[in-house]
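All remarks here apply to the structure that follows.
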Amino acid sequence: MQSKKKASAPSYQLDGTREDRPENEAATIIPFQRKARPTAQEQLDMSRFKAGVMVGFLAAAVLFLALLWAWIIPTMDGAVATAQSAYEMTSVRHA
C-alpha cells in the first residue's frame, strides 16, 4: 500500500506511537559540550605524529622509486625488446 505523505511526516497508525514523538523525548537529549583546547603536550604529540607520517610517506616513495629505477624499468625494457623482436620475426614470415 502506497501513501502520498512526505518521508519526514509522522505516521500515527497506532495510538502507542504518539508517545514516542520527539516532544516526549526532549528531556533525554544530551546538551552539546565543547571540547577543551588541546594541551601543549598534545599539540607536540600531534606535530610529532604528523612529522612521522610524512617521513614514512617520503621513505616509502623513495623506496618505490629506487625499486622502479633498479629493477622494474630494466626488466620492462628487456620485455619490450623481446616482444618487438618476436613481432618482427612473425611479420617477416607472413609477408
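Placing dummy labels 7 Å off each Cα toward the beta-carbon, the span from Glu88 to Leu65 is 3.4 nm.
Fewest-first ordering of Lys50, Lys35 by other beta carbons within 10 Å of each residue's beta carbon gives Lys35, Lys50.
Here, each number is a calculation from the coordinates, and none is a lab measurement. These numbers were taken from a predicted model, which means no experiment stands behind them. Note that each Cβ is placed from the backbone with ideal geometry, even for glycine, and that neighbours are counted across all protein chains shown.
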